[in-house]
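Chemist: For reference, the structure I am asking about is given below.
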Amino acid sequence: MKLKAFRPFFSECRAWCVLLACTWPTLSLAQSPEWARVVAAHESLSLAQTEEDRLALHDQLEALWPQALAAGHAFTTDWTTWRNAVVDLGEGGNRLIVFTWNVELDDRTQRYGGWVAHAAQESSLGYGFTMLNHDPKVDPNDVGRMHRHDQWQGGLYYNGVLNFDRQKPVYTLLAWDGADALTTRKWVETVEPRNGRVRFGSPRFNSDKGLQKRVVLNYADAVQATLRVSDDPEQIVFDHLAPEDPSFQGQHAFYGPTLSYDALEWRKGRWHLVRDIAVQNDGGNSPKEYRDPTQRRRRN
């Protein structure tokens with residue numbers, strides 16, 4: 001299992017790029033005019049005060065990023081200096097980068113943008129890239145559906161892990177979605193670049209309900225829930241969620257952690273669900289680390 005994700009900060013904040021004052025790579029460090037423009041647009045998005053301005057900047061970014069990526073530098077950029085959701089997995093011919101951003105609307109729903117770049121020896125850039133088109137009608141809770149890059153469910157990918165099924169790389173991503181004013185979502189799914197297209201979700205998750213294409217956590221906006229990669233042992237660990245009262249079964253606005261943990265373990269090309277695992281909070285670790293992102297999002 002190989003893990004490499006950049007998360008210089010990740011607060012459980014719906015307006016990741018909008019309501020928090022962020023520091024971005026300085027324009028003097030941008031590799032080209034095209035990259036300088038996307039840096040400036042992201043900085044402006046982080047400071048925008050109105051929904052109209054945020055959506056206008058979102059549209060600008062969707063136009064500017066293909067120009068920047070076509071200018072090169074995606075595989076030589078220091079992503080640790082970017083306060084965005086960036087996951088960088090693998091090396092050499094197996095390298096893959098996923099970059100995402102969000103815009104929060106006044107009704108506290110989200111719009112997302114992003115791209116996926118993957119190693120491509122046949123390209124003069126050394127990589128190929130695909131832009132992601134957020135389709136708000138696509139339901140992330142549909143665990144049996146594969147989503148394409150042009151019908152993407154949205155989300156901020158904040159961590160990931162690379163495994164191999166025989167010789168084939170399998171990229172697994174962890175996502176956050178600020179769903180609406182009542183609930184938050186996190187999920188785990190695979191991403192697969194292929195011939196200029198990208199597919200999210202493959203039947204690699206063995207659960208209590210059979211084989212699924214993703215595992216989704218839905219919980220109350222007022223609480224935090226864990227979804228993280230653990231290196232010892234190699235697992236994806238997450239909170240077991242339940243309603244505060246049995247009468248609220250199925251109403252996710254009343255769901256929260258039960259103080260027990262479940263996990264996914266990689267075995268023979270699939271992730272297998274393991275219930276009620278032991279999680280140790282020893283050494284310098286804080287229980288908050290199991291609920292990444294840790295800070296509450298700001299309210300309007």
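Each reported figure results from applying straightforward, stated rules to the coordinates on display, with no laboratory input. Quick caveat: nothing in here was measured; it's all calculated off a predicted structure. Cβ sites come from the backbone with ideal geometry, for glycine too, and all protein chains shown count toward neighbours.
Chemist: Just to check, using Stokes-Einstein with a Kirkwood Rh over alpha carbon pairs, what's the diffusion coefficient of the range 26-108 at 4 °C and 1.567 mPa s in µm²/s?
Modeler: 94 µm²/s
Chemist: Next question. Percent of Cα-Cα pairs per 5 Å bin, from 0 to the last occupied bin, for the range 155-266, please list those.
Modeler: Percent of pairs per bin, in order: 2, 11, 19, 23, 20, 13, 7, 3, 1, 0.
Chemist: Same structure again: What's the magnitude of the charge dipole for the range 5-291 around its Cα centre, counting Lys and Arg as +1 and Asp and Glu as -1 at the beta-carbon? Answer in Debye, nearest 20.
Modeler: Roughly 920 debye for the range 5-291.
Chemist: Can you tell me the length gained on complete extension of the stretch Leu259 to Ala181, counting 0.36 nm per residue apart and subtracting the Cα distance?
Modeler: Extending this stretch completely gives an extra 25.7 nm.
Chemist: Let me ask you something else. Mind scanning Lys168/Lys209; Lys137/Lys168; Lys137/Lys209; Lys168/Lys268 and naming the pairs with a C-alpha gap bigger than 22 Å?
Modeler: Exceeds cut-off: Lys168/Lys209; Lys137/Lys168; Lys137/Lys209.
Chemist: Sticking with this one: Select from the range 197-267 those trypsin sites (Lys or Arg not before Pro) which occupy a DSSP coil region and have at most 16 other Cβ atoms within 10 Å, ordered by residue number.
Modeler: Here the trypsin sites (Lys or Arg not before Pro) that fit, given the DSSP loop and packing criteria, are Lys209.
Chemist: Separate question: Normalized C-alpha radius of gyration of the range 5-291, against 2.2 N^0.38 Å?
Modeler: Against the compact-globule rule of thumb, the ratio is 0.99.
Chemist: Please check which bits of the range 200-220 a label hung off Arg267 would reach, taking the label as a point 7 Å along Cα-to-C-beta and the cut-off as backbone N under 14 Å.
Modeler: Only 205-208 fall inside the zone, counting backbone N under 14 Å.
Chemist: Still on this structure, I have one more. How long are the three semi-axes of the equivalent ellipsoid of the range 198-239, in whole Å, if each is the root of 5 times an eigenvalue of the C-alpha gyration tensor, listed from largest down?
Modeler: They are 20, 16, 11 Å, listed from largest to smallest.
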